[in-house]
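The values are calculated or read from the model by the stated rules, or taken from the named source; none is laboratory data. Treat the numbers as computed from the prediction; the structure is a model and nothing was measured. No Cβ is skipped: glycine too gets one built from the backbone with ideal geometry, and neighbour counts run over all protein chains shown.
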């Protein structure tokens, strides 16, 4: 029986014990569910008084005080606000793997019609557009999808530069895809930073292999480079996918990837030369990028056309 099935059964008295319910919720259980399993208020007060349990918010119990560093505070926040509540923003995105924003306040989102009071230390937000497509169906505690979480983070960020940094970090860390963010932005409806987010996504899209591949092709033709074998690792429209160009005859490879900080040249364990380029180098420094590729090819024995022409004229 999976955790979701257990939680669905949790609201049917007698179907699960309080231990089973709490186990699926990082040790957290509501007072209502605890009573429904057969525990009495006297028993609950005794456990609280003994220090084995504690009550962070009204109506919410933590049954395992040894796990304070885990997701208990997130479970407790969602349970305290009740039906329709989901983790959102940085709270949800951090659970999806986003690093660097864990210190943000616990944020819980509820549909606009839902009236609720945020417990201490919890930031409560409302959304007129919060349906099942925006809630992650596979993860607990209930939370917005990674893409919706990142769009919300950008909308709620205290500054425009931070909003852009959040989007870039989420894509570069592999927490979300460009396609997912674009879909989430469309579903999100009117937000004040729609244009800023859309522009940021467009800039990230310029790093996708289907565009960097064209840029490399034009660069190669303009600088007389030979034709290589081109392959894409990952979806061609995603900026974190890699473009690879192989020159098998000279054992040279070119890798264009958003994760590359600066142009560089290195020798692989197999003896080939690897040229690594960030996508921006093809747009902003095409001559330098072409020069690095040409240098690698010449080092591996490529007879540069200009050298052949010079040799012919000299003879």
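Tabulated results
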| read-out | value |
| --- | --- |
| Selection count where residues are over 15 Å from residue 156 (Cβ atoms) and touching a residue at least 24 places away in the same chain (Cβ under 8 Å), scope region 170-188 | 13 |
| Count of region 115-159 residues which are under 17 Å from the mean Cα position of the chain (by Cα) and assigned to a strand (DSSP E or B) | 3 |
| Residue 248 being under 26 Å from residue 178 (Cβ atoms) and assigned by TED's automatic domain parsing to the domain that holds residue 296 | no |
| Test: residue 97 is part of a loop (DSSP other than H, G, I, E, B), in contact with a strand residue (DSSP E or B) (Cβ under 7 Å, 6 or more places away or on another chain), within 17 Å of residue 141 (Cα to Cα) and assigned by TED's automatic domain parsing to the domain that holds residue 144 | no |
| Test for residue 87: is it under 14 Å from residue 141 (Cβ atoms), in contact with a strand residue (DSSP E or B) (Cβ under 9 Å, 6 or more places away or on another chain) and modelled with pLDDT of 95 or more | yes |
| So residue 252, is it modelled with pLDDT of 95 or more and under 14 Å from residue 219 (Cβ atoms) | no |
| Among the candidates 61, 39, 48, residue that is outside the structural domain of residue 169 (by TED's automatic domain parsing), buried (at least 16 other Cβ atoms within 10 Å of the Cβ) and either out of contact with any helix residue (DSSP H, G or I) (no Cβ under 8 Å at 6 or more places or on another chain) or part of a strand (DSSP E or B) (or both) | 61 |
| Test: residue in region 84-92 that is touching a residue at least 12 places away in the same chain (Cβ under 8 Å), part of a helix (DSSP H, G or I), on the phi < 0 side of the Ramachandran plot and out of contact with any helix residue (DSSP H, G or I) (no Cβ under 7 Å at 6 or more places or on another chain) | no |
| Subset of region 238-254 (residues that are over 17 Å from the mean Cα position of the chain (by Cα) and either surrounded by 21 or more Cβ atoms within 10 Å (Cβ to Cβ) or more than 24 Å from residue 201 (Cβ to Cβ) (or both)) | 243, 244, 245, 246, 247, 248, 249, 250, 251, 252, 253, 254 |
| Restricting region 252-282 to residues that are assigned to a loop (DSSP other than H, G, I, E, B) and in contact with a strand residue (DSSP E or B) (Cβ under 7 Å, 6 or more places away or on another chain), the residue that is farthest from residue 176 (Cα to Cα) | 272 |
| Odd one out for residue 156, checked against (1) modelled with pLDDT under 95; (2) surrounded by fewer than 21 Cβ atoms within 10 Å (Cβ to Cβ) | (1) |
| Within region 170-192, tally of residues that are outside any loop (DSSP other than H, G, I, E, B) and farther than 20 Å from residue 237 by Cβ | 1 |
| Residues of region 217-237 classified as more than 21 Å from residue 180 (Cβ to Cβ) and surrounded by fewer than 18 Cβ atoms within 10 Å (Cβ to Cβ), total | 11 |
